Amino acid sequence: MANTTNDPVVTQSILKAELQEFRKEMMREMMKKMHKEIQTSERRLEKRLRKGIVDEIKVLNEQLVSDFRGAEKDKLSLHDDKLQDHSRRLTRVENHVGLMAA
């Protein structure tokens with residue numbers, strides 16, 4: 001009977017099995033590392049996306065405030081124009097009434 005420690009076929013078979021197990025372990029480690037890197041990248045992207053959305057909302061809010069202020073100015077300007085028009089009409093009526101009384 002052949003000695004298993006000196007038998008090259010047995011030794012080669014053992015080495016093949018150990019190499020296969022080593023490869024499996026390395027693949028598991030690589031997969032774990034890749035999974036961790038993917039999760040980290042996803043978190044970073046989500047954070048950037050949230051920040052981008054928040055920044056976009058801030059810009060839109062500023063635009064709305066600016067538009068509202070512009071609309072308020074336009075509204076005040078329109079009221080001023082109406083007031084001036086009414087004032088001119090009142091002056092004409094007063095002048096007309098004054099001429100009629102004289």
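Computed quantities for the displayed model
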item	result
Two-site label geometry, Q84 and Q12: point separation in nm, points 7 Å out along Cα→Cβ	10.5
Amide hydrogen neighbours beyond the local backbone of D7, cut-off 5 Å, H modeled	none
Angle in degrees between helix 8-101 and the longest Cα principal axis of the chain, rounded to the nearest 10	0
In the chain, lysine pairs with alpha-carbon atoms under 17 angstrom apart (chain gap of 8 or more, or interchain)	6
Helix-only mean residue ellipticity at 222 nm for the chain, each DSSP H run of n ≥ 4 adding -39500 (n - 2.57), per residue, nearest 500	-35500 deg cm²/dmol
Computed magnitude of the charge dipole of the chain (debye, nearest 20; Cβ of K, R +1, Cβ of D, E -1)	80
Within a Gaussian network of the chain (alpha carbon springs, distance under 10 Å), most fluctuating of D81, D55, D67	D81
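Where a number appears in this text, it was derived from the coordinates with a stated rule and is not lab data. None of the values given here were measured: they were computed from a predicted structure. Ideal geometry is used to build each Cβ from the backbone, glycine not excepted, and the neighbour counts take in all protein chains shown.
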